[in-house]
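Notes for the one structure printed next.
The values are calculated or read from the model by the stated rules, or taken from the named source; none is laboratory data. All values derive from a computational prediction rather than experimental measurement. Virtual Cβ from ideal backbone geometry, glycine too; neighbours counted across all protein chains shown. Areas reflect the complete protein model, heavy atoms only, side chains present, ligands, DNA and RNA absent. Shrake-Rupley method; radii C 1.70, N 1.55, O 1.52, S 1.80 Å.
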Amino acid sequence: MSTAALTEALTGLRSVLADVRLPLSLPGSAPAAASAKAMVAQLDDYVLPRLATLDAPLLAVIGGSTGAGKSTLINSLLGRVVSRPGVIRPTTRSPVLVYHPDEAEYFTSDRILPGLARSFDPADDTHTLQLVPHSALPRGLALLDAPDVDSVVAENRLLAGQLLAAADLWLFVTSAARYADAVPWEYLLSAAERSAAVAVVLDRVPPAAMIEVPPHLGRLMVERGLGRSPLFAVPETATNAAGMLPDAAVAPIRTWLATLAADQASRQAVVLQTLDGAIASIAASAPSVADAVDGEAEALAQLRGDADRSFAEAARTIAVQTSDGSLLRGEVLARWQDFVGTGEFMRAVEQRIGWLRDKLRATLRGEPRQVNEVKLAVESGLEAFVREEGDAAAERAESSWAAHPAGRIVIALTRDDLARTSPGFPDAVSAAIRSWQGDVLELVSEVGASKRSKARYLALGVNGVGVALMIVVFTQTGGLTGAEVGVAGGTAVLAQRLLEAVFGDDTVRRLTRLAKEQLDARIEAVLAVELARYDRALGASGVDPSAAVAIRGGVDAVMSCIATEPALAAAQAASALTRSEVSGEVVSGIVLDPVGHADGIRVEVPDEG
């Protein structure tokens with residue numbers, strides 16, 4: 001069959017899953033991350049290599065419980081000691097892969113289990129695969145002895161799971177004393193969910209329990225979705241000097257494996273059943289990873305919204321209070337009064353504007369230092385106010401993040417102190433305000449140079465007109481109360497009347513609006529730089545919202561390929577494991593009836609002699 005399209009789709013899905021990052025520790029994130037890692041491992045260790053070489057030998061992994069006799073079983077099946085049984089528990093040693101010498105090309109390379117080094121010598125680590133070529137093993141079959149699935153050593157358990165996930169066939173070994181333990185059943189149920197090809201070996205069954213225990217295990221298998229998996233019973237018996245079981249005890253298993261290896265159609269049916277189950281399991285599990293990505297992306301969106309709102313509130317507050325008279329207090333007001341001579345100008349408000357302009361001509365030209373003092377006071381007051389609001393925004397944003405589990409993770413991952421504005425914020429604010437003052441002077445210069453108002457503008461001077469415009473900007477919406485109306489309010493009216501005398505009503509309104517828009521834009525730009533620190537912190541988390549879409553698209557591509565591939569679509573129906581070839585001449589064994597009913601269990605007992 002052609003597998004190019006399916007291989008391409010699975011490779012794409014594998015790439016997306018490998019890049020998934022779920023760092024925010026939300027409920028479900030850790031299981032989803034583990035699931036993504038496991039799917040990538042199975043794609044690398046089994047699915048993609050198997051798709052590339054469907055005619056490769058059947059790989060049967062012998063796994064199971066501690067002390068179940070896996071190594072003894074594989075040695076007895078081969079009639080040679082290829083795997084050292086562990087006397088002291090736990091035993092840490094390399095897994096052993098036995099294959100026919102003529103089929104070395106399939107196993108000496110990193111075609112399967114690419115993360116494990118190859119060695120022809122025994123090793124005592126979980127990172128090396130010991131290779132054992134053995135001519136007595138039938139062509140078309142390879143056996144892999146895996147560590148205990150319930151080992152107290154975590155590395156052993158992880159490796160056992162990895163090896164079982166790379167198997168075409170699970171030969172799962174348990175004992176009469178431990179067949180109901182929870183951990184082995186976790187693996188068996190996982191196999192049932194994935195429709196993996198499984199055969200179960202019940203080892204070390206006391207003769208007196210041969211009639212009772214194997215049927216009970218068979219009923220458990222039927223109840224839990226493994227009713228069509230062969231079940232072999234190996235009686236408890238003495239081993240020979242080499243530690244091997246009598247040939248009669250393992251002959252049913254050897255015969256079944258040899259029959260399977262010899263029949264290419266049956267062998268391929270097993271491969272396709274497990275391969276189809278593995279792909280279907282990945283396709284079913286991957287969307288939960290996409291859901292987890294969505295969850296973390298939503299959490300980041302909430303955090304981003306919290307930061308946006310904090311700085312938007314700062315911008316709004318600054319925009320309001322730079323137009324309602326709040327800034328026309330303290331030093332700014334004092335310097336403005338020093339500049340214009342409040343009493344005299346307040347009296348002049350009731351008199352002719354022409355006389356007021358004549359008076360201002362001498363004032364503005366004769367005391368340029370006072371103009372600069374007003375500008376400096378405006379700069380200082382506005383700078384302090386903006387810095388205060390920026391600091392408050394940073395504190396609000398950080399506090400909202402600290403109240404969210406995902407926010408606490410993001411705060412911990414960044415080197416920035418998000419509870420405060422950046423060290424460069426004060427200088428940035430100062431530069432923005434100076435630039436705005438330059439904007440104001442440029443505005444009045446452009447309008448003052450016009451033919452109609454040039455004479456009046458030259459009489460008052462650019463700095464004086466510019467300062468007056470700043471005062472009008474700060475008081476354009478009112479907001480002054482109490483005694484402030486009489487002092488600051490009157491001063492603001494004076495500035496307004498002065499500008500109107502120079503430019504006219506409409507022009508003053510336009511200049512005031514433009515100057516205020518420029519001020520707001522300058523402040524918003526400075527705050528945007530601070531807000532960007534929070535965006536960078538969110539981006540540094542490693543969560544990629546687009547990964548969820550890519551995962552779901554990858555799954556759709558895989559399922560589309562499966563739907564158009566008849567061999568995979570019908571893999572389970574063609575499974576050889578639903579039709580055991582073991583016959584009544586088997587010396588010892590139990591096989592579930594193909595229909596999967598408990599009463600279909602057939603028990604064979606050893607012949608005497």
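Scanning residues 5 or more positions from Leu58 or on other chains, those with amide H under 5 Å from its amide H are Leu141, Ala142, with H placed 1.01 Å from N in the peptide plane. Where the alpha-carbon atoms of the range 108-150 are placed on the principal axes, they occupy 28, 26, 19 Å, in descending order. Evaluating kT/(6 pi eta Rh) at 20 °C and 1.002 mPa s, with the Kirkwood radius of the range 145-259 over Cα pairs in the Stokes-Einstein relation, gives 143 µm² s⁻¹. With q set to 0.20, 0.24, 0.31 Å⁻¹, the log10 of I(q)/I(0) for the range 517-569, from the Debye formula over equal scatterers at the Cα positions, is -0.79, -0.89, -1.04.
Taking amide H atoms as placed 1.01 Å from N in the peptide plane, the amide H of Leu129 lies under 5 Å from those of Ala117, Arg118, Ser119, each 5 or more residues away in sequence or on another chain. The alpha-carbon atoms of the range 176-233 define a convex hull whose volume equals 68 cubic angstrom per residue.
Subtracting the Cα-Cα distance of Thr259 and Ala431 from 0.36 nm times their residue separation leaves 53.4 nm of extension gain. Pairs of alpha carbons in the range 53-157 separated by more than 15 Å make up 61% of all such pairs. The heavy atoms of Thr239 present about 70 square angstrom of accessible area, all protein chains included, probe 1.4 Å. Anisotropy class assigned to the range 254-299 is prolate, per the alpha carbon gyration tensor with a/c at or over the 1.5 cut-off and a/b larger than b/c. With a 1.4 Å probe rolled over the protein heavy atoms of all chains, the accessible area of Ser560, Ser175 falls in the order Ser560, Ser175, largest first. Each label point was placed 7 Å from the Cα along the Cα-to-Cβ direction; for Asp102 and Val81 their separation is 3.0 nm. At the residue level, Arg224 shows approximately 90 square angstrom of accessible surface with a 1.4 angstrom probe and all protein chains present.
What the Cβ-Cβ distance of Arg139 and Thr564 gives, at R0 = 35 Å and to the nearest 0.05, is a FRET efficiency of 0.60. Once you reduce the range 526-548 and the range 168-237 to the center of their Cα atoms, the two points are 52 Å from each other. Rolling a 1.4 Å probe over the protein heavy atoms leaves Glu395 with an accessible area of roughly 110 Å². Ordered from longest to shortest, the equivalent ellipsoid semi-axes for the range 196-318 are 58, 19, 14 Å, each the square root of 5 times a Cα gyration tensor eigenvalue.
The range 139-181: D in µm²/s via Stokes-Einstein (Kirkwood Rh, Cα pairs, 4 °C, 1.567 mPa s)?
Once the numbers are plugged in, D ends up at 112 µm²/s.
Considered as an equivalent ellipsoid built on the Cα gyration tensor, the range 1-75 has semi-axes of 29, 24, 6 Å, the largest given first.
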